[in-house]
1. Return the residues of region 70-83 that are in contact with a strand residue (DSSP E or B) (Cβ under 9 Å, 6 or more places away or on another chain) and free of Cβ contacts under 8 Å to residues at least 60 places away in the same chain; say none if nothing qualifies.
2. Could you tell me which residue of region 69-88 is modelled with the highest pLDDT, considering only residues that are surrounded by fewer than 21 Cβ atoms within 10 Å (Cβ to Cβ) and touching a helix residue (DSSP H, G or I) at 6+ places or on another chain (Cβ under 6 Å)?
3. Where residues in region 1-35 are in a loop (DSSP other than H, G, I, E, B), within 20 Å of the chain's Cα centre (by Cα) and at negative phi, which of them is surrounded by the most Cβ atoms within 10 Å (Cβ to Cβ)?
4. Within region 96-111, identify whether any single residue is free of Cβ contacts under 8 Å to residues at least 40 places away in the same chain, in contact with a helix residue (DSSP H, G or I) (Cβ under 6 Å, 6 or more places away or on another chain) and either under 21 Å from residue 26 (Cβ atoms) or in a helix (DSSP H, G or I) (or both), and answer yes or no.
5. Could you tell me whether residue 66 is in a loop (DSSP other than H, G, I, E, B), surrounded by 21 or more Cβ atoms within 10 Å (Cβ to Cβ) and at pLDDT 95 or above?
């Protein structure tokens, strides 16, 4: 295994969750509001190094190596979005982080959306970078007839209210 890159003030922990070990890079005060950073493919926690040090002045930063990436285990199975959502929830449960802000890039952004939609009480705010919106097909999004200007997925992570379009793209005109 390649040596762990060093970033000042970053602590490294491994969490045994769902039958595997996940690596987590953490920084900032453990009592501060949590921000969870979810990397894309083929990345790992180190992609967030500049952001970790900036956020750590006011937040507890938790940057996961998702299963199969970085210093986390790479099992042969368990790479569905549901499996990865369970992994993130288990990592948040171990140090008892009830709610967190999520920042996700690429696959991590999709994972962040799923966390917010499936577990809105666990997500305070969400930032998705270079990630398609859930419910959106390829091509340009167009408003639903009678749906106003809302995108196909417009649920608020903070309140858990809203709706997601689940009609197949071929039937909704996207």
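1. Of region 70-83, the ones in contact with a strand residue (DSSP E or B) (Cβ under 9 Å, 6 or more places away or on another chain) are 70-75, 78.
Of everything in region 70-83, those that are in contact with a strand residue (DSSP E or B) (Cβ under 9 Å, 6 or more places away or on another chain) and free of Cβ contacts under 8 Å to residues at least 60 places away in the same chain turn out to be 70, 72, 73, 74, 75.
2. 85
3. 10
4. First, the residues of region 96-111 that are free of Cβ contacts under 8 Å to residues at least 40 places away in the same chain: 96, 98, 110.
Retained after the next criterion (residues that are in contact with a helix residue (DSSP H, G or I) (Cβ under 6 Å, 6 or more places away or on another chain)): none.
Scanning region 96-111 turns up no residue that is free of Cβ contacts under 8 Å to residues at least 40 places away in the same chain, in contact with a helix residue (DSSP H, G or I) (Cβ under 6 Å, 6 or more places away or on another chain) and either under 21 Å from residue 26 (Cβ atoms) or in a helix (DSSP H, G or I) (or both).
5. On the way: in a loop (DSSP other than H, G, I, E, B): yes; surrounded by 21 or more Cβ atoms within 10 Å (Cβ to Cβ): yes; at pLDDT 95 or above: yes.
Criteria met by residue 66.
The values are calculated or read from the model by the stated rules, or taken from the named source; none is laboratory data. Fair warning: this is a prediction, and the values are worked out from it, not measured in the lab. Cβ atoms come from the backbone with ideal geometry, glycine included; neighbour counts cover every protein chain shown.
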